[in-house]
Amino acid sequence: VQTTTGAVTFFSDMISQCIRWRMEYANDNSNGIVRKAKDYIDRNYMCDEISLRSVANTVGLSPNYFSALFKKEVGQNFSDYLTRIRILKSKDLLSCTSKLIYEVAYEVGFRDYRYFSQIFKKHTGQTPREFQTAINTFV
C-alpha cells in the first residue's frame, strides 16, 4: 500500500512539474513571438502592405490567434500599435528633416496625406504642419 501511495505521489509531482515547465515554455514562447512581430513591424511599418495577416504569417500564427496574443502581451491591438509607430516616426521626420508633409506621410506608410493628417491630429492634438511649425520655432 505504501509503495502505491509513493508511486502516485511521485507521478503526481512529475505531472505537476511537466505542467509548470509547459506553462513557462508557452509564456517564454509567446513573448518571443510578440518580440519577433514587433521587430518585424519596426522594420516594415512604412510598407502599406503590412497587415495583421502579413505579420501573423511572419511569426507562423493564424491572424485571430496572433491578434489575441498581441493584444494580451502589448496591451493594444495591432492596428493601434502600427499607427503609434507610424506617428512616432513621422514626428521624428517632421522634427529632423525639411520633407514636405505628403513625403513624410508616404515614408511612414500612409498613402493618403489627408488621412495621415487626420490620424496625426487625432494622436497628437496638432496637424502635421502645426507640429512642424512649433518645432521650427524652437530651433
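Some points to look at:
- Of the set (1) open to solvent by 40 Å² or more (accessible area, probe 1.4 Å); (2) under 22 Å from K38 (Cβ atoms), all apply to S98 but (2).
- Any hit, region 40-48, residues being closer than 30 Å to R129 by Cα and at pLDDT below 90: yes
- Residue ID - surrounded by the most Cβ atoms within 10 Å (Cβ to Cβ), chosen from residues in region 105-139 that are in contact (Cβ under 8 Å) with a residue 24 or more places away in the chain and among the charged types (D, E, K, R): E107
- Members of region 64-85 that are in contact with a Phe, Trp or Tyr (Cβ under 9 Å, 6 or more places away or on another chain), without any contact (Cβ under 8 Å) to a residue 24 or more places away in the chain and part of a helix (DSSP H, G or I): S67, K71
- Residue in region 71-81 that is at pLDDT 95 or above, within 30 Å of T137 (Cβ to Cβ) and loosely packed, with under 15 Cβ neighbours inside 10 Å present: no
- Scanning region 103-120 for residues that are over 17 Å from S51 (Cβ atoms), in contact with a helix residue (DSSP H, G or I) (Cβ under 7 Å, 6 or more places away or on another chain) and modelled with pLDDT of 95 or more yields V104, A105, E107, F116, S117, F120.
- For the residues L88, L94, the requirement of being touching a helix residue (DSSP H, G or I) at 6+ places or on another chain (Cβ under 7 Å) and in a helix (DSSP H, G or I) singles out L94.
The values are calculated or read from the model by the stated rules, or taken from the named source; none is laboratory data. None of these values were measured; they are calculated from a predicted model. Ideal geometry is used to build each Cβ from the backbone, glycine not excepted, and the neighbour counts take in all protein chains shown. The accessibility values were calculated without ligands, DNA or RNA, using every heavy atom of the protein model including side chains. Shrake-Rupley method; radii C 1.70, N 1.55, O 1.52, S 1.80 Å.
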